[in-house]
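**Q** I have a structure here, written as structure tokens, and I will follow up with some questions on it.
Where a number appears in this text, it was derived from the coordinates with a stated rule and is not lab data. Computed from a prediction, not measured in an experiment: that's the story for all the values here. Neighbour counts are summed over all protein chains in view; Cβ atoms, including those assigned to glycine, are modelled from backbone coordinates with ideal geometry.
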Amino acid sequence: MAEFFDALETREPEAREASQFDCLRAGLKRAGAAAPGLAAQLGGVEPDAVSDRAALARLPLLRKADLGALQKASPPLGGLSAAAPSQPAHVFMSPGPIFEPGGLGHDWWRIGRALHAAGLRRGMLMHNCFSYHLTPAGMMLESGARAVGARIFPGGVGATEAQVEAAAHLRPAFWTGTPDFLKAILDKADELARDLGSIRAALVSGGALFPALRAGYAARGVAVLQCYATADLGLIAYESAADQGMIVDEGVIVEIVRPGTGDPVPDGEVGEVVVTALNPDYPLIRFATGDLSAVLPGLSPCGRTGMRLKGWMGRADQTTKIKGMFVRPEQVAQILARHPEATRARLTVTRDGDQDAFEVAFETATCSDAFVAALEGSLRDVLKLKGAVKLTAPGALPNDGKVIDDRRDYG
């Protein structure tokens, strides 16, 4: 069996980077006239100027809320689709509501790569338990399975007993769905005395694959890997059998940025996942996922040479209220920008008796009363609140992506 989905997975990182930015520039040129929403986002930047990661980082972020606003102003897709007028073949809806296109091109969401890494091969039958209703998840996995050359049983969600009866009859070798639903199906099979031993491998997404759950599947003889994908972007990253982080897909450029900003952080530091999709039909640029992760150093032992992520590490949206005032990560970033002597900051919210209280810790090598006074002044100016300042040594703050740590007990 082929070890890799294609030759792209093992190319030199420098060759990948150059090819991806060539593809990005070509896509931006193609989309210029067809996607007015994208042109507005770029703010007049010429496609040829987006030559590397530094240039990409100067472009604005696109957030889910921005997507919703664009779509309301310019239905159905906010002027971001560069597909031909007769396309896309499908339009889906996710909570928000946010609408997403879907195409019929080969592996349009690029899920085949993740399925292949998880063990799906040509001729196998895949039991697909992702939803086919409103959202694109079911079609995303089905499109990927067709790219591998597998057959599909479109089980969808729910109807656990019927799923078990079908699987017992059809004997699928591969399963895909959310992490918890596979356990529900296997438990129901035990209850009904049905043999689902044909299922030997699975790819899950849409939720956390906790270590205990993965170990439980392994004890039942099912090797389960996970992938990171969204309805807007398609595949972002996926696990391989090496189980050493998540390998970034070949069709996206991933940045990790400081929450509340678009500024890339050093490799290894936790930040928000920002994705640029090289999809010629729907080229989302610097789409901020709201998820936290970090880059793993080095290459995967499996032989794939793409960037690796540690996996999902929480959410970047840490907006909270203090004394009735909204406080956002980008405001903390504004304070940092005023004081280049400080490199990182973390705002911690607590209760002092019956009142809210907060402290902002700054990583800095500068230590003086004047510097503390200046920081306190910036807190008042930016947050419109009075809080305490704490100075810490560089590297002292936890590397968990948190900019705002709300420690109040909400019961």
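**Q** With each label point set 7 Å from Cα along the Cα-Cβ vector, what nm distance links ALA162 and ASP195?
**A** Taking the simple label geometry, ALA162 and ASP195 are separated by 2.6 nm.
**Q** Can you list, bin by bin at 20 Å, the percent of alpha carbon pairs in segment 7-309, starting at 0?
**A** Pair shares across the bins are 33, 57, 10, 0.
**Q** Now, a different point. Do you know the relative contact order of segment 320-406, to the nearest whole percent, from alpha carbon pairs under 8 angstrom that are 6+ apart?
**A** Relative contact order here is 34 percent.
**Q** Amide H neighbours of HIS127 under 5 Å, at least 5 residues apart or on other chains, H built in the peptide plane: list them.
**A** Amide H neighbours of HIS127: PHE153, PHE174, TRP175, THR176.
**Q** With just the Cα atoms defining each centre, how far is segment 120-195 from segment 238-259? Give it in Å.
**A** A separation of 25 Å, based on Cα centres.
**Q** Moving to a separate point now. Sorted by mean Cβ packing within 10 Å, highest first, what order do the peptides 366-376, 231-241 take?
**A** Per-residue mean Cβ counts within 10 Å order the peptides as 231-241, 366-376.
**Q** While we're looking at this one, here's another question. If I stretch the segment between GLU269 and ALA374 completely, what's the gain in nm (0.36 nm per residue apart, minus their alpha carbon distance), one decimal?
**A** 35.1 nm
**Q** Tell me which lysines have Cα within less than 23 Å of LYS402's Cα, excluding those fewer than 8 residues away on the same chain?
**A** Hits, sequence-local ones excluded: LYS64, LYS310, LYS321, LYS323, LYS384, LYS386, LYS390.
**Q** Please report the relative contact order for the chain, taking Cα pairs under 8 Å with a sequence separation of at least 6, and give it as a percent rounded to a whole number.
**A** Across the chain, relative contact order equals 13 percent.
**Q** Assigning unit charges at the beta carbon (Lys, Arg +1; Asp, Glu -1) and nothing else, what dipole magnitude in debye, to the nearest 20, does segment 302-350 show about its Cα centre?
**A** 180 debye
**Q** Subtracting the Cα-Cα distance from 0.36 nm times the residue separation, let me have the gained length for ALA26 to ARG338 in nm, one decimal.
**A** Result: 108.6 nm gained on full extension.
**Q** I would also like to ask the following. Determine the calculated [θ] at 222 nm for the chain from helices alone, applying -39500 (n - 2.57) to every DSSP H run no shorter than 4 residues and normalising by the residue count; nearest 500 deg cm²/dmol.
**A** Computed mean residue ellipticity for the chain: -9000 deg cm²/dmol.
**Q** What are the ³J(HN,Hα) couplings of segment 176-181, residue after residue, when phi is run through the Karplus curve with 6.51, -1.76, 1.60 and θ = phi - 60°? Round to Hz, x for glycine and proline.
**A** Values per residue, Gly and Pro as x: 9, x, 7, x, 6, 5 Hz.
**Q** What is the distance, in nm, between label points placed 7 Å from the Cα along the Cα-to-Cβ direction at ASP243 and at LYS323?
**A** It works out to 5.0 nm between the two label points.
**Q** Calculate, for GLU17 and ARG63, the FRET efficiency according to 1/(1 + (r/R0)^6) with r their C-beta to C-beta distance and R0 25 Å; round to the nearest 0.05.
**A** After rounding to 0.05, the efficiency reads 0.50.
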